[in-house]
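J.: Just dropping this structure here.
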Amino acid sequence: MTELVEHGQLFIGGEWTDPLGADTIRVVSPHTEQVIGSVPHASEADVDRAVAAARKAFDQGPWPRLSLEERIAVVSRIKDAIAVRHEEIARSISSQNGSPYSWSVLAQALGAMMVYDSAIKVAAAYPYEERRQGALGSILVRREPVGVVAAVIPWNVPQFVAAAKLAPALLTGSTVILKPSPEAPLDSFILADIAREAGLPEGVLSILPADREVSEYLVGHPGVDKVAFTGSVAAGKRVMEVAARNLTRVTLELGGKSAAVILPDADLESTIAGIVPAAWMNNGQACVAQTRILAPRSRYAEVAEALAAAAGALVVGDPLDPATQLGPLVAKRQQQRSLDYIRIGQEEGAKVLAGGGRPAGLERGWYVEPTLFGDVDNSMRIAREEIFGPVVCLIPYGDEAEASRIANDSDFGLSGSVWTADVEHGIDFARGVRTGTFNVNTFSLDMLGPFGGYKSSGVGREFGPEGLSEYLEHKMIHLPAGA
């Protein structure tokens with residue numbers, strides 16, 4: 001029996017504070033369907049308090065005025081504490097959203113630590129001020145912190161995404177209101193403890209779990225200078241619409257329907273071994289998941305057979321069991337969404353090659369079998385719409401030109417991969433695919449380079465110097481002759 005985790009206060013401006021509202025968020029295990037915790041539901045009045053604290057800390061406090069080395073020291077302590085408490089963080093996240101524990105350790109907790117570490121390296125080398133020769137004389141170009149940041153994060157990889165926003169914001173001298181999802185707020189209270197112990201000054205960080213209504217209030221708050229959002233395309237459009245009322249800057253990391261392209265010369269054994277974890281990662285609840293697999297017609301039958309066997313061999317079960325490779329979906333609505341798409345795919349004429357329903361023996365919990373569809377046409381809904389569950393499409397193609405057209409024939413442009421015996425040829429293929437990130441014979445996310453999407457997959461970038469720049473304003477200072 002999982003111990004009930006209950007929190008009665010909110011983390012506002014670096015202090016544990018009684019909420020101004022009476023509502024609570026009940027956290028439900030997707031494995032047992034039982035309540036495993038509760039936290040206060042932040043109110044609009046709590047948002048006002050947090051924004052006021054962040055505003056004061058940015059406008060008058062020490063944080064933006066500390067040296068970069070001093071801010072790096074604090075963020076380094078956050079990173080180190082996450083490393084020490086990574087098992088606790090991983091268990092918390094797996095209990096809330098169903099991520100397999102082994103994946104949570106590597107991607108949810110240690111992955112977040114790597115985000116902080118990479119951001120520290122980027123920040124230490126970043127050119128915050130430089131002199132240039134302008135058309136009319138010398139100029140000084142400065143990069144200064146953007147101000148008060150509202151960071152709105154999803155439930156699927158909460159610590160990783162929080163780090164992607166907190167690390168650059170804090171390192172550049174901004175202050176932050178972090179808004180976790182109501183499905184997965186418990187790990188954010190661990191982060192609050194870590195931040196407090198690391199020595200963040202008063203007002204620099206607040207953490208406010210809340211639903212969409214309060215989130216919208218935060219995004220539209222006139223005291224916020226920038227919104228950093230990760231979530232669905234529909235929610236991202238709403239964030240942009242609300243933020244536009246105040247001309248608040250936004251970065252949006254949204255959905256994906258990424259293609260993994262198997263070229264005719266690919267080694268099938270290593271290709272399948274690379275694609276399967278990329279397609280069904282985090283129970284299919286990942287924006288970068290390779291959910292469209294493109295196979296040449298000349299090898300379609302053997303690819304279909306190998307993929308179906310690999311999907312059928314995935315171990316489905318309790319997310320806290322280290323042997324589990326696929327856990328439950330975060331909520332009953334997400335389970336039903338996947339089951340609905342499986343029905344839609346069959347109605348559209350696609351063939352279920354593996355899975356296709358609830359796993360046998362798991363009547364309790366929001367489980368869906370790892371499902372592979374064959375005979376998929378790229379015009380089908382299952383190939384065009386983000387399902388955000390363990391449902392993958394196998395699409396045949398003729399020549400490479402058709403493969404490239406299919407890969408690009410999507411409203412999304414977040415990730416993708418190509419699998420081939422010729423790496424240089426793979427790089428050439430990658431150049432023709434319009435996505436923000438792409439992989440050749442691998443699947444990874446390097447936090448020293450830019451991450452983000454084309455088309456409906458988002459606006460702006462995270463990670464690398466490009467991601468750090470999203471938290472900086474650029475100022476030009478004209479200098480007198482001879483200076």
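J.: So, with +1 on the Cβ of K and R and -1 on the Cβ of D and E, and no other charges, what is the size of the charge dipole of segment 259-446 about its Cα centre, to the nearest 20 debye?
T.: 720
J.: Which percent, to the nearest 5, of DSSP beta bridges fully inside segment 259-446 are antiparallel?
T.: If we restrict to bridges inside segment 259-446, about 15 percent are antiparallel.
J.: Turning to a different aspect of this structure: May I ask for the Kirkwood hydrodynamic radius of segment 116-214, worked out over all distinct Cα pairs and given in angstroms to one decimal?
T.: 15.2
J.: What Kirkwood hydrodynamic radius, in Å, does the chain give when the mean of 1/r is taken over all pairs of distinct Cα atoms and then inverted?
T.: Over the chain, the inverse of the mean reciprocal pair distance is 23.2 Å.
J.: Might you report the magnitude of the Cβ-based charge dipole of the chain about its Cα centre, with Lys and Arg at +1 and Asp and Glu at -1, to the nearest 20 debye?
T.: 1060
J.: Taking the Cβ of Val315 as the centre, find all other residues whose Cβ is under 14 Å away and add up their charges (Lys, Arg: +1; Asp, Glu: -1).
T.: Local net charge: -3.
J.: Within segment 188-226, whose backbone N sits under 11 Å from a point 7 Å along Cα→Cβ of Arg245?
T.: 216-222
J.: Between 0 and 90 degrees, rounded to the nearest ten: what's the tilt of helix 233-244 against the longest Cα principal axis of the chain?
T.: With both axes taken from Cα atoms, the answer is about 20 degrees.
J.: Could you order the peptides 414-421, 447-454 from most to least packed, using the average number of other C-beta atoms within 10 Å per residue?
T.: The densest-packed peptide leads the list: 414-421, 447-454.
J.: Let me ask something else. Take every DSSP beta bridge with both residues inside the chain and express the antiparallel ones as a percent of the total, to the nearest 5.
T.: 45
J.: Could you list which residues have their amide H under 5 Å from that of Ile293, counting only those 5 or more apart in sequence or on another chain, with H placed in the peptide plane?
T.: Ala260, Cys393, Leu394, Ile395
J.: Let me see the P(r) profile for segment 259-446: every Cα-Cα distance counted, bins of 10 Å, each bin given as a percent of all pairs.
T.: 10, 40, 36, 12, 1
J.: Quick one: check the C-alpha center-to-center distance for segment 135-178 versus segment 22-86, whole angstrom.
T.: Distance between centres, Cα-based: 15 Å.
J.: Choose one of Ile36, Leu372, Gly236: the residue whose Cα lies farthest towards the positive end of the charge dipole of the chain (beta-carbon charges +1 Lys, Arg; -1 Asp, Glu; about the Cα centre).
T.: It is Gly236.
J.: Still on this structure: Under unit Cβ charges (Lys, Arg +1; Asp, Glu -1), what dipole magnitude, rounded to 20 debye, does segment 286-370 have relative to its Cα centre?
T.: It works out to roughly 260 debye.
J.: For segment 5-121, what is the convex hull volume of its Cα atoms per residue in Å³?
T.: Roughly 116 Å³ of hull volume per residue.
J.: Run the quick spin-label model on Ala313 and Leu362: label points 7 Å from Cα toward the beta carbon, then report their separation in nm to one decimal.
T.: My value for the distance between the label points is 1.8 nm.
J.: What nm distance separates the two modelled labels at Glu213 and Lys351, each placed 7 Å from Cα along Cα→Cβ?
T.: Each label point is offset 7 Å from its Cα along the Cβ direction, giving 5.0 nm.
J.: Taking 0.36 nm per residue of separation and subtracting the Cα-Cα distance, what length does fully extending Asn408 through Arg431 add?
T.: Value of the extension gain: 7.1 nm.
A short reminder: the numbers here are calculations on the coordinates, not readings from a lab. Values in this document were obtained by computation on a predicted structure and should not be read as measured data. Cβ: placed from backbone, ideal geometry, glycine included. Neighbour counts: every protein chain shown.
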